[in-house]
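Just so it is clear, none of the values below were taken in a lab; they were calculated from the coordinates. On a predicted model such as this, the values are computed, not experimentally measured, just so you know. All Cβ positions, even for glycine, are placed from backbone atoms using ideal geometry, and neighbour counts span all protein chains on display.
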Amino acid sequence: MSDITQSNSERVAILGASDHPDRYAHKAFRMLREHGHSPIPVNPKLDQIEGVPVVAELREIEGSVDTLTLYVNPGISEPMAEEIVELKPGRVIFNPGTESATLAARLRAAGISYLEACTLVLLSTGQF
């Protein structure tokens, strides 16, 4: 399984990344690493998580992003719609509580795929 995971390794931006072990965003960070993915934590209030540098905003990410997983509420993500579209992620995951019809419509108009799902469940069930 590890060979398959590594050959399908993705760069995953985590919007709303957290350094608190009890937060789902932190659990996703750890699980992404365990599955061989390269998480890119995004949070303007943190410098690093477990030795991994944190970027303050999506515009700071260099290179392509396969998946953007959201751990912020629509009040934060909707004003970031242009920044998300400019990032051109391969897909966006709306984790529970982050769903936004407004942002989904903007992604659809930009040709960016999205799904409403839980990153932790997708990873746990081999559907990521």
*Let me have the 222 nm mean residue ellipticity of the chain computed from DSSP H runs of 4+ only, each contributing -39500 (n - 2.57), with the sum over all residues rounded to the nearest 500.*
-8500 deg cm²/dmol
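Please figure out what share of the DSSP beta bridges in the chain is antiparallel and state it in percent, rounded to the nearest 5.
10
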*Positive minus negative residues near residue 95 (Lys, Arg vs Asp, Glu; Cβ under 12 Å)*: 0
_Proxy reagent accessibility, fewest Cβ within 10 Å first, across 70, 122_ = 122, 70
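Taking the Cβ of each residue in 40, 61 as the centre, tally the other Cβ atoms inside 10 Å and list the residues starting with the fewest.
Fewest-to-most Cβ neighbours within 10 Å comes out as 61, 40.
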*Which longest run of the chain has no exposed loop site in it, a site being trypsin sites (Lys or Arg not before Pro) in a DSSP loop with at most 14 other beta carbons within 10 Å, and the site itself not part of the run?*
46-128
_With the cut-off at 1.5 for a/c, could you classify segment 2-124 from its C-alpha gyration tensor as rounded, prolate or oblate?_
rounded
*Fewest first, what order do 29, 94 take by the number of other Cβ atoms within 10 Å?*
94, 29
